[in-house]
Every structure is written in structure tokens, then in C-alpha cells.
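One structure is given here, and the rest of the page talks about it.
None of the figures in this text is laboratory data; all of them are computed from the coordinates on show. The shown structure was predicted, so the numbers you read here are calculated from the model rather than taken from an experiment. Virtual Cβ from ideal backbone geometry, glycine too; neighbours counted across all protein chains shown.
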Amino acid sequence: MNVVQGILVARWLGPELYGVAALVMVYPGFIFTFFDARSSDASMKYLGEFHTRGDQERVLAMCKLGYIVDLTIASFAFLVVSLSSGWAALRIAHHPETAGLIVLYCAAHIPLAFKNTSYAVLATLGKFPLIARLDAALSVLRVIIIVVLVGAGWQVAGVIWGHVIASAMIGLLYGTVAYRMIRCHWHTTWLAGKWGALKGRRREILGFIAYSDINALLGVIPKQLDVLLLGYFCNPTEAGYYKLAKTLSSSVGYLVGPLQSVTYRELVRLSGLEDRAALRRKIQVLAVRVGIPMGFLVAASALLVPSVLSAMVGHTFVGAVKAAQIMLFGAAIWMAFFWLKPMYLALGAIKTWVGINVYIVCLTLIGFFVVIPYGGYLSLSALMVFLQLLSFGVGTYKLKSLWR
């Protein structure tokens, strides 16, 4: 549904306005992710451990910590975006009148902050069918709102308002459902959680959150800075081509995300039981029977891009075809190695994972400032695939050393 929405919006807006909409959304997203601690990773790890051991006090304390961290970060990011929106509208989106839309889009991150820890609670309790129903319903709602507003002639404003309304509803609905689940399973609310219950594990938990924050910060560069720099060095049209190609390749994330969530929960359980043999068998099954076949199918889908894009968005986006084909190969690599990050987190080796990302991000930064001003969006697409391959190659090599 989200992919269909992106295609329809691209077709109706055209390359330039589609690029403007992407730049309006990517700047608040960049600032938010810059401060984001990714508390959901820590919440899933420690909620899973404490719930397995029946430690209710620590479960509630971990829930409360997650919600407080996420709401604090969202509020601070909103303040930063509010103060810098004028500059971003002029220098990045190249449309000064979009400053208000930038602030509005960032405001939606405050209610959306309830989702991360709520998702961790539902995943810990094994409520994946409920998560599926929530995500499906909310995705349909988001598409309907955006398509109606853009179709009514709201153009860029319609895209932003649609995302804002849907994001607010996602956060509030997830928060409400998780609140009821906590009361049902632990007979109280997360507000009853006490910081003292985490005594003896505080440094470990805060260290995990700190490294998750650094990891999220490093993730900003390859995931969002690319579009920002395209807007700064090139123009909204090239940003529109690249954004459409990135949207198509990123749709693989609708497979990778759920796979990682379910895999992470199971690997955390096996790690908590200290069953290394079972961990090894699980990874072999995930890599050979799931990752590699799915990655091959994603790579093969690149052959369909010319006909699919032509049918969906017409010839105005013909410049996005090669970029989409290139980036699908990167998505195939991501699909094949979907199990790698959950494995590092389950083993508590987040420091090593962050170290790998530091190395990759340094190369990414250098590559951005060399490739984007001179090669544009096509060279940037090729660079992203190379960095993806390098990242997972180094991660696999380091995992073997870590295992020994």
C-alpha cells in the first residue's frame, strides 16, 4: 500500500514537486534520527530477558525508561527543527514557503514516540498477529488520507498533512494497545515502573542505549543525508528521481523489518538460555533457507523495473530507472544478510556493530562529497550499493571472530 501511494503521488506531482516533498520530510527525519536512541532495540532485548525470567518489576521499569527516553528525544528534535526550519526551507527544499510544513512534519514525531517501546512490549508478548493487523490498518489509513489530499489538489501540503495525521494516529494507537496489554499481563501500568528495580543492570542498559544512539546517529548518514545533499548540491528534480528509486528498493524493508523483529526475539531467547549450538543452527537456517533465496529474487526483480516504472509513473520519471535497478542490487544484499544485525544485538555485541558502522560511515561521508557534486544521483546509487556490500562483508567477518 505504501509503495502504491508513493507511485501515485510521484505520478501526480511530477519529479520536481515530488523531490520538494521528499526534502521537506527528510530534514525533520534527519534531525530526529540524529538524536534517536533507538530505545526499541534495548527494550526488546531487556524486556525479553526480564519477561522470560518472570521479573515483573524490571519489566515495568524498562517500559517506563523506554517511553521517557523516546518522548524526550522527540521533544528536543522538534525544538531544533522549529529553530532551523527557515534555513532548511531555503537551502535544502529551495522553497521558503515550506518552512511551516517542515515544522508540522516534525511535530508528528512527538505522538509517534509512543510506538517504539509499545512495539517492543507487543513483540515481547508474541503479539505478532496483533502487530500485523495494526500495521495493515494504519497503512491503509495513511494511503487513503494522502491520496485523497493530493488528489484534491493539495500537492506537497497534502503529502505532509497525510503523513502527520497518520503518524499521530500510529503513535497513539500503539501506545493505547500496549498500555492495555501491560495491564492485562502484568496487572498494572508502566507508570508504576521504578528506576530502582534496574539496580545492578543500569550501567549495562544505559550503555546499550548509548551505543544504540550512536548507531542510529551513524545510520542517519547513509539513510537520509544522501537526499539532503542531493537537494543542496543538485536540484529537486534529481532528488525526485533518486527518492523514487530509493522508495522502490526500500520496499524490501517490508520483508526485512518483520523478519528481523521475529528473528531478534528468538535469538534473544536462545542467547538468554546460553545455547550457542542452537544459535548457530538458527543462523544457518536463516541464511541458507531464507536470506540467500530471497536476496536472489530481489536482485532478479531489477529486470522488471523499466516496464513497471513506465506503467506506473509514465515517462516523466524515466531518469529513475537506472538508479532503481542499481539500488535493488543493494536491497538484495540487505535481504540476504537480514539476520546479521539481530545476531549482533542478541549477543550484546552492539559495541562491535557500532565500530563497523563507524568505519562504513567514514567512507560514506568521503564518498558523498566526492560523488554527489560531480556524479549526481546515478553515481550516488552505485556508491550506496558498494557500501552496502562492504558493510555486510565486514560484519560477517567480524561475527566469525566474535563467535570464536
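Values computed for the structure shown
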| quantity | calculated |
| --- | --- |
| Simple Cβ-charge dipole of the stretch 1-199, Lys/Arg +1 and Asp/Glu -1, about Cα centre, in debye nearest 20 | 540 |
| Calculated diffusion of the stretch 326-404, Stokes-Einstein form, Kirkwood radius summed over Cα pairs, 10 °C and 1.306 mPa s, µm²/s | 119 |
| Exceeding the 29 Å Cα-Cα cut-off - candidates Lys64/Lys246; Lys194/Lys398; Lys115/Lys246 | Lys64/Lys246; Lys194/Lys398 |
| Potential lengthening between Ala311 and Ser251 on full extension [0.36 nm per residue; Cα-Cα distance subtracted] | 19.8 nm |
| Taking Cys184, Cys234, Cys106, Cys362 and counting other C-beta atoms within 10 Å, the order from fewest to most | Cys184, Cys362, Cys234, Cys106 |
| The stretch 11-78 versus the stretch 264-342: alpha-carbon centroid distance in Å | 23 |
| Rounded to whole Hz, the Karplus (6.51, -1.76, 1.60) HN-Hα couplings of the stretch 141-150, x for glycine and proline | 4, 4, 4, 4, 4, 5, 4, 5, 5, 5 |
| Integer Hz, Karplus 6.51/-1.76/1.60 couplings in order for the stretch 387-395, x for Gly and Pro | 5, 4, 5, 5, 4, 6, x, 5, x |
| Along each principal axis, Cα extent of the stretch 263-397, largest first, Å | 55, 33, 19 |
| Two-site FRET efficiency, Met1 against Arg203, from Cβ-Cβ distance with R₀ of 56 Å, rounded to 0.05 | 0.85 |
| Per residue Cα convex hull volume in Å³ - calculated over the stretch 1-199 | 109 |
| Quarter of the Cα convex hull surface for the chain, i.e. its orientation-mean projected area (nm²) | 18.6 |
| Using θ = phi - 60° and Karplus 6.51 cos²θ - 1.76 cosθ + 1.60, couplings along the stretch 72-82 (whole Hz; Gly, Pro as x) | 5, 5, 4, 5, 5, 4, 4, 5, 5, 5, 4 |
